[in-house]
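The values are calculated or read from the model by the stated rules, or taken from the named source; none is laboratory data. These numbers come from a predicted model, not from an experiment. A quick note on method: Cβ atoms are made from the backbone with ideal geometry, for glycine too, and the neighbour counts reach across all protein chains shown.
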Amino acid sequence: MSHHQSSAVSVASLIMVGTVLVIGYRAGRTHAAWRDLKYAKQAVGGARRTAWRHTFVLAMGAIALLVTLAATMS
């Protein structure tokens, strides 16, 4: 193999290694993005349940206040 061919093989090897590293990095980031999306959906569900719980407690307190006011006015 001549020096010129050896250089071409070395450059091709470096390009291939770089490509594999970039593809591996991008695959890892893609996987992480989907995992983050899954956790975000779970967090939204938990936040939604918390918001509904607080709303329910507020509504029950308002109803109790109205019932108490109605009972004292009668």
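Restricting 68, 72 to those that are hydroxyl-bearing (Ser, Thr, Tyr) and surrounded by 10 or more Cβ atoms within 10 Å (Cβ to Cβ) reduces the list to 68.
Filtered by the rule that a residue be modelled with pLDDT of 95 or more and of a type in the set (A, V, I, L, M), region 46-56 gives no residues.
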